Amino acid sequence: MNFQVVALPETEFQTLYGLSDNDLARRGVRTTIAASGSSYPCRVSLRDADVGARMFLLNYEHQPANSPYRSTHAIYVQDGAERAEVGVNVVPDVLRTRLLSVRAFDRDGMIVDADVVEGTDAVLVFRRLLANDRTAYLHVHNAKRGCYAARVERAP
């Protein structure tokens, strides 16, 4: 079973790029400067921010389905980030280096199955969950803090 990790599109955040901290705060967005390369995973570029990068911390509706599993959570996005294009069957380092919670959803936004896995073993879990005919897509979260990380879909 082939899969594709899908980043969030930068178009959803471009209106924030370059705004002052005060303007962002009025929109409920906090800013921080990345002090450590492994603590600020950008959901658009699907990479950990470089030290010194300006990061937005904001609430994001990652599961807009009209179901009991509709959900929002905090995410980081780097100011000016461009959307990552991840190859088929590739797990980006930003996922491989973390403990992940993987949730399989059906077309109605209902959970079909779920698992927790070290990112280094994510390929096996992605393939197993996508092999279920009821699964429409996967959501990956950082297991420790619960933040949404990425979507995974079937790929040809």
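How fast does the chain diffuse by Stokes-Einstein, in µm²/s, taking the Kirkwood radius from C-alpha pairs at 4 °C and 1.567 mPa s? Walk me through the numbers before you get to the answer.
Values: Rh = 15.9 Å.
Rounded to a whole number, D works out at 81 µm²/s.
Accessible surface area normalised per residue over the stretch 1-65 is 50 Å², counting heavy atoms of protein chains with a 1.4 Å rolling probe.
Sparse packing (at most 14 other Cβ atoms within 10 Å of the Cβ) combined with a DSSP loop state is found for the following trypsin sites (Lys or Arg not before Pro) in the stretch 1-108: 27, 70, 107. A dipole drawn for the stretch 1-100 from +1 and -1 charges on Cβ atoms has a positive end, and of 52, 67, 6 the residue lying farthest that way is 67. Would the stretch 84-156 count as rounded, prolate or oblate if I go by the C-alpha gyration tensor, calling it rounded below 1.5 in a/c and otherwise prolate when a/b exceeds b/c, oblate otherwise? Oblate shape, in that a/c is at least 1.5 and b/c is the bigger or equal ratio.
Phi angles of the stretch 78-90 translate, via the Karplus equation with coefficients 6.51, -1.76, 1.60 and θ = phi - 60°, into HN-Hα couplings of 7, 4, x, 4, 10, 5, 6, 10, 9, x, 5, 6, 10 Hz per residue; Gly and Pro are given as x.
If you roll a 1.4 Å probe over the stretch 61-115 with all protein chains in place, what percent of the accessible area is carbon or sulfur?
On the way: 1240 of 2960 Å².
Using a 1.4 Å probe with all protein chains present, the stretch 61-115 comes out at 42 percent carbon and sulfur.
Write out the GluC sites (Glu not before Pro) in the stretch 46-86 meeting two conditions: DSSP loop, and at most 16 other Cβ atoms within 10 Å of their Cβ.
The qualifying sites are 82, 85.
Overall form of the stretch 35-92: oblate. Here a/c, set by the Cα gyration tensor axes a ≥ b ≥ c, is 1.5 or more, and a/b is not larger than b/c.
When the chain is treated as a GNM with alpha-carbon contacts under 10 Å, the residue of 49, 122, 25 showing the greatest mean-square fluctuation is 25.
Can you give the net charge of the other residues whose Cβ lies under 10 Å from the Cβ of residue 18, counting K and R as +1 and D and E as -1? The answer is -1.
The values are calculated or read from the model by the stated rules, or taken from the named source; none is laboratory data. It should be emphasised that the depicted structure is a prediction, and the values quoted were computed from it without experimental measurement. Positions of Cβ are backbone-derived with ideal geometry, glycine not excepted, and every protein chain shown enters the neighbour counts. Just the protein is used for accessible areas: all its heavy atoms, side chains included, with ligands, DNA and RNA removed. Shrake-Rupley method; radii C 1.70, N 1.55, O 1.52, S 1.80 Å.
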